[in-house]
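A quick write-up on the structure given underneath.
The values are calculated or read from the model by the stated rules, or taken from the named source; none is laboratory data. Just so it is clear, the model here is predicted, and its values are computed rather than measured. In this analysis, Cβ positions are derived from the backbone assuming ideal geometry, glycine residues included, and neighbour counts consider all displayed protein chains.
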Amino acid sequence: MFMYIVVLSFLLLSLLLYALLGGADFGAGVIQLLSTTPKAEKVIGRAIGPIWEANHMWLVIAVVISFMGFPAIFKVVSTALHIPVFILLLGIIFRGTAYAFKHYDAIKDEKSQLMYHRVFVWGSLVSTLFIGITFGAMSLGKIDPNAADFYTGYIAPWFNFFSISVGFLTTALFAFLAAVYLIGENEDPEVKDFFIAKAWKWLLASVAIGIVVFVAAYVDGLPLFNELISSPLSMLAIGFAAGSLPLMFSTIRKGKVVLARLMAGAQTVLILGAWLLLHYPHAIMLSNGGSLDLYDSRAPDATLAVLGWALLLGSLFILPALGYLYVVFKGHGPEESI
Amino acid sequence: MGDLLAARLQMAFSLGFHIIFACVGMAMPFLMAIAHWRYIKTGDAVYKDLSKAWSKGVAIFFATGAVSGTVLSFELGLLWPEFMEHAGPIFGMPFSLEGTAFFIEAIALGLFLYGWGKIPKWIHWSSGLVVGISGVASGILVVAANAWMNSPTGFDYDPLTNTYSNIDPIAAMFNPAWFTQALHMILAAFTATGFAVAGVHAFLLIRKPANRFHQQAMRIALLVGGIAAFLQPISGDISAKDVAVRQPAKLAAMEAHFHTEEYAGLLIGGIPNEETGEVHYGIKIPGLLSFLAHGDFKQEVVGLDQIPEDERPPVAVTHFAFQIMVGAGTFLMMVAFLYFFAQRFRPRWLGHKNFLWLVALSTPLGMLAVEAGWTVTEVGRQPWIINGIMRTKEAVTPMPGIQYSFYTVVVVYTLLAVLVSWLMKRQVQTLAQNYDSMDEEIDLSQNKANTKTEVIEEL
Ligand code: HDD
Ligand code: HEM
Ligand code: HEM
């Protein structure tokens with residue numbers, strides 16, 4: 001039981017860190033979707049350059065924990081949600097390589113830079129959208145492992161109003177996170193204003209899409225609102241998230257960098273936390289009204305024991321090294337790459 | 001195209017793509033560390049430039065390796081959900097440790113690429129080395145997972161109820177095949193990367209034979225690749241002995257050895273006919289297969305006739321792949337021998353056009369051997385995904401239409417491969433304008449630099 005908790009905590013921790021750190025990397029692409037400036041582009045490049053490979057590893061860790069620790073869940077997600085996960089992978093491929101190519105291309109001509117930029121931005125959008133769709137689909141309850149036809153088995157679980165609106169919510173939240181982080185990455189007032197404006201817009205978008213998610217849940221027959229009311233802790237989390245919005249607005253407007261970052265991070269944690277609390281111990285809701293539960297889907301004890309130890313020992317190495325990386329490149333990224 | 005075939009091809013294509021970047025990710029940091037170390041020791045700017053120029057290329061390779069690896073970790077589930085549900089808890093151990101190795105690698109890489117002039121020089125140098133060490137560690141770990149598929153241990157299996165019990169992930173990780181496979185793979189990464197890098201610089205030297213930058217680059221790469229190429233056939237022999245015991249069907253397919261016999265001969269070349277069990281146009285060296293497989297010329301070697309028909313791997317593919325690997329390995333070993341000989345006794349040969357052409361032509365051979373070697377291992381295990389326990393066709397996803405994701409993967413990866421090559425070309429084009437030491441010429445008759453730049457710059 002103890003190791004089950006260790007393993008589960010690491011799974012949640014890596015998902016959370018992926019949302020907070022990797023999510024911001026994706027968001028940095030998304031905020032450039034509508035408009036960008038050469039200066040802002042430069043700040044973004046410098047801010048995520050040294051750390052994006054590390055941020056992105058949290059996803060791989062989460063995948064490994066799920067197939068080793070919760071194999072039945074991994075199987076159902078990768079079967080029923082094969083299509084959205086595959087599209088997510090395409091997004092990750094295009095975004096990751098376009099980013100690297102853009103920065104390490106030896107000849108920085110306008111034409112190819114523009115091409116990399118476009119692929120980076122659109123790849124970021126696709127990735128965030130499909131991360132959200134996948135998670136939305138897990139909680140909606142249209143997954144049917146015994147489906148007889150292709151549509152109910154592989155399309156219906158995720159191609160619906162609710163999952164897609166969760167996809168957009170994820171996109172907006174990640175973009176918001178990125179904008180808030182980036183405000184403090186540069187002293188130039190012009191760039192600061194650019195990111196402050198972006199943070200505002202994406203915060204508004206998140207709130208608006210958040211409301212749509214509730215409507216979509218209603219339309220798709222998910223009693224999200226009732227579930228929320230019956231879970232006091234989730235209510236509290238969402239209440240905090242919503243209640244802190246005015247304060248959030250004012251810190252962003254005043255450009256209080258550290259506070260805004262902390263609050264934006266906390267917002268994300270609260271929303272994810274509320275979602276988890278609502279669902280625990282269910283990991284996947286099925287179309288017959290049943291669910292796949294975390295505890296029931298766990299691997300045998302011997303596996304959880306070694307996995308737990310591997311994670312505990314691993315974090316002894318990772319956390320200090322990661323800390324050093326952030327300290328070295330904190331605030332101001334390197335002036336030139338290499 | 002059937003779904004099973006599409007899934008197998010997609011897996012093979014994705015892995016075959018990733019392995020190239022993985023090899024570079026394992027070996028290249030060491031080449032850079034050698035150059036970097038020589039710079040710190042001698043202050044000779046050519047080594048600093050070399051290390052920087054290489055690291056720019058490596059950054060592109062790393063990003064591509066990281067995304068293609070991420071794709072693989074999902075593909076295991078997307079394509080083989082049934083396999084992962086049972087195998088995940090058993091063979092997941094090395095993957096979970098690999099997570100740590102990747103993390104450290106990614107962090108150290110960030111420090112190395114962006115750390116010039118920002119962090120103390122020895123920490124900077126060590127961060128480069130750490131990239132290489134953790135790359136090799138992750139290579140060993142992931143191959144241990146693959147070795148488990150060849151020699152599954154660490155659990156009890158009941159075929160009647162299809163249940164896996166008494167799971168011991170540590171025993172599964174240290175399965176009987178992990179060491180020989182990991183050793184052979186790591187050597188392969190150094191051979192393949194060393195010769196690929198040396199080949200590119202040799203090619204550039206053909207045009208500018210006196211260029212010091214390319215001279216030094218080629219030498220460092222040949223040193224590393226050459227040592228590995230020497231050890232490779234020894235390790236390959238250990239692998240073959242191991243396969244003979246653990247997977248006789250694979251060995252028989254590698255050698256197109258249809259009939260069980262004593263004094264079994266080693267087949268060189270030849271076109272096997274799986275229907276009739278005959279081999280045409282091959283040369284057979286009597287007794288050698290018995291010796292190589294079991295260390296005894298007269299010992300019996302199991303042929304395909306002793307393997308039930310529905311458990312025989314595809315013979316032609318396995319055999320051709322094995323021939324390609326061994327052929328390439330033998331050739332590279334001879335090039336390595338020539339290099340070490342010339343280095344010691346005939347330094348002038350190293351600048352000779354013929355030698356440079358030889359090295360240039362070896363550029364793809366190491367990578368080719370890696371691809372061929374994996375084809376041997378993986379196709380030679382068929383029809384099993386877990387040797388003797390689960391068949392590949394039982395493991396495949398129930399989702400229809402896998403050929404479309406296969407086509408997509410082929411198109412996307414081909415595009416990426418073209419782009420990466422194009423980017424490398426652009427790196428080479430701009431070398432001269434980025435690095436002053438590129439213009440230094442070396443006096444061929446003395447084999448020594450005649451212009452040595454003073455280095456005032458701090459690291
Ligand atoms: C530079 C690459 C390279 C070179 C020159 C060689 N190999 Fe190799 N070989 C590999 C790269 C490789 C590989 C890609 O790394 C494999 C696939 C799986 C593995 O562990 O290593 C492999 C597998 C592999 C296997 C199957 C192992 C198994 O299934 O467990 C055998 C028997 C050999 N090799 C034998 C040889 C021999 C006798 C060689 C003599 C020259 C040789 N290899 C050269
Ligand atoms: C023999 C086969 C393999 C070897 C030797 C190998 C080795 C490596 C190495 C050395 C790296 C780091 C270098 C780089 O990023 O370019 C890497 C990256 C990666 N590999 Fe592989 N790999 C193999 C197969 C696999 C498989 C089957 C998976 C997944 C199941 C996988 C998952 C990954 C992941 C997720 C990364 C990204 C790590 C990062 O971001 O740094 N690899 N691999
Ligand atoms: C990177 C080097 C590798 C290459 C080039 C490679 C190549 C291949 C090939 C050619 C196949 C298709 C075999 C067939 O169906 O006839 C295959 C299948 C497969 N490989 Fe590998 N492989 C590599 C490493 C690995 C590793 C490290 C793992 C897992 C830890 C792995 C897991 C699988 C699985 C699950 C399949 C599908 C099932 C099967 O065909 O048996 N491979 N691979």
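Go through (1) at pLDDT 85 or above; (2) more than 23 Å from the chain's Cα centre (by Cα); (3) more than 10 Å from chain A (Cβ to nearest Cβ) for B:ASP44 and report which single condition fails.
(1)
Is it the case that some residue within segment A:94-106 is over 19 Å from B:ALA63 (Cβ atoms) and of a type in the set (S, T, N, Q)?
No: segment A:94-106 contains no residue that is over 19 Å from B:ALA63 (Cβ atoms) and of a type in the set (S, T, N, Q).
Six or more apart or on different chains, Cβ atoms under 6 Å: show the pairs whose first residue is in segment A:260-276 and more than 20 Å from A:ALA137 (Cα to Cα) and whose second is of a type in the set (S, T, N, Q).
A:ALA260/A:THR251
Only one residue in B:LEU292, B:LEU267 is outside any loop (DSSP other than H, G, I, E, B), touching an Asp or Glu at 6+ places or on another chain (Cβ under 6 Å) and aliphatic (A, V, I, L, M), so which one is that?
Matching residue, one of B:LEU292, B:LEU267: B:LEU267.
What number goes with the only condition from (1) more than 21 Å from A:ILE31 (Cα to Cα); (2) within 13 Å of another protein chain (Cβ to nearest Cβ); (3) out of contact with any strand residue (DSSP E or B) (no Cβ under 6 Å at 6 or more places or on another chain) that A:LYS142 does not pass?
All conditions pass for A:LYS142, except number (2).
Just name the residue that is farthest from B:TYR413 (Cα to Cα) out of those in segment B:77-90 that are out of contact with any Gly (no Cβ under 8 Å at 6 or more places or on another chain) and more than 7 Å from chain A (Cβ to nearest Cβ).
Step by step, filter segment B:77-90, then rank; the result is B:HIS86.
I need the helices (runs of 4 or more DSSP H) fully contained in segment B:106-225, keeping only those with at least 1 residues that are within 11 Å of ligand 1 (Cβ to nearest atom) and in contact with a Gly (Cβ under 9 Å, 6 or more places away or on another chain).
Fully inside segment B:106-225 and qualifying: B:121-150, B:178-207.
Are there helices (runs of 4 or more DSSP H) fully within segment A:176-273 with at least 3 residues that are at pLDDT 80 or above? List them.
Hits in segment A:176-273: A:189-219.
Need a quick list: helices (runs of 4 or more DSSP H) entirely within segment B:319-407 having at least 1 residues that are under 18 Å from the mean Cα position of the chain (by Cα), more than 14 Å from chain A (Cβ to nearest Cβ) and within 15 Å of ligand 1 (Cβ to nearest atom).
Ranges flagged: B:365-379.
Report, by residue number, each residue of segment B:1-26 that is over 17 Å from B:ALA63 (Cβ atoms) and within 16 Å of ligand 1 (Cβ to nearest atom).
Matches in segment B:1-26: B:MET11, B:ALA12, B:PHE13, B:LEU15, B:GLY16.
From the residues in segment B:50-64 that are more than 18 Å from A:PHE101 (Cβ to Cβ) and either crowded, with 23+ Cβ neighbours inside 10 Å or within 20 Å of the chain's Cα centre (by Cα) (or both), which one is nearest to the other protein chains (Cβ to nearest Cβ)?
Going through the qualifying residues, I end up with B:SER51.
Can you spot a residue in segment B:58-80 that is away from ligand 2 (no atom under 14 Å from the Cβ) and either modelled with pLDDT of 85 or more or not hydroxyl-bearing (Ser, Thr, Tyr) (or both)?
no
Filter segment B:165-211 down to the residues that are in contact with a strand residue (DSSP E or B) (Cβ under 8 Å, 6 or more places away or on another chain) and either buried (at least 24 other Cβ atoms within 10 Å of the Cβ) or away from chain A (no Cβ under 14 Å) (or both) and list them by number.
The answer is B:LEU204, B:LEU205, B:ALA210, B:ASN211.
Regarding B:GLY99, is this residue closer than 26 Å to A:PHE120 by Cα, without any contact (Cβ under 8 Å) to a residue 12 or more places away in the chain, in a helix (DSSP H, G or I) and away from ligand 1 (no atom under 16 Å from the Cβ)?
yes
Select from segment B:93-107 the residues that are facing chain A (nearest Cβ under 8 Å) and at pLDDT 85 or above and write down the one among them that is nearest to A:PRO300 (Cα to Cα).
For segment B:93-107, the residue satisfying everything is B:MET93.
For segment B:264-307, how many residues are among the aromatic types (Phe, Trp, Tyr) and crowded, with 16+ Cβ neighbours inside 10 Å?
The qualifying residues number 1.
Check B:SER134 against each of (1) buried (at least 21 other Cβ atoms within 10 Å of the Cβ); (2) more than 16 Å from ligand 3 (Cβ to nearest atom); (3) over 26 Å from A:ILE318 (Cβ atoms) and name the one condition it does not meet.
B:SER134 satisfies every listed condition except (3).
Taking B:MET424 and the conditions (1) within 23 Å of the chain's Cα centre (by Cα); (2) away from ligand 2 (no atom under 16 Å from the Cβ); (3) modelled with pLDDT under 90, which numbered condition does it fall short on, given that it satisfies the others?
B:MET424 satisfies all of (1) within 23 Å of the chain's Cα centre (by Cα); (2) away from ligand 2 (no atom under 16 Å from the Cβ); (3) modelled with pLDDT under 90 except (2).
Given the conditions (1) of a type outside the set (A, V, I, L, M); (2) touching a Lys or Arg at 6+ places or on another chain (Cβ under 6 Å); (3) without any contact (Cβ under 8 Å) to a residue 60 or more places away in the chain, which single one is not true for B:TYR404?
(2)
Please go through segment A:160-188 and pick out each residue that is acidic (Asp, Glu) and free of Cβ contacts under 8 Å to residues at least 40 places away in the same chain.
Once the filter is applied, which keeps residues that are acidic (Asp, Glu) and free of Cβ contacts under 8 Å to residues at least 40 places away in the same chain, segment A:160-188 yields only A:GLU187.
Under the condition of being more than 16 Å from ligand 2 (Cβ to nearest atom) and in contact with a strand residue (DSSP E or B) (Cβ under 6 Å, 6 or more places away or on another chain), which residue from segment B:140-156 is farthest from the other protein chains (Cβ to nearest Cβ)?
Of everything passing the filter in segment B:140-156, B:PRO152 is farthest from the other protein chains (Cβ to nearest Cβ).
State yes or no: is A:HIS117 surrounded by fewer than 23 Cβ atoms within 10 Å (Cβ to Cβ) and either free of Cβ contacts under 8 Å to residues at least 40 places away in the same chain or out of contact with any Pro (no Cβ under 7 Å at 6 or more places or on another chain) (or both)?
yes
If a residue has to be of a type outside the set (Val, Ile, Thr), facing chain B (nearest Cβ under 9 Å) and surrounded by 21 or more Cβ atoms within 10 Å (Cβ to Cβ) to count, how many in segment A:299-320 make the cut?
Number of matching residues: 5.
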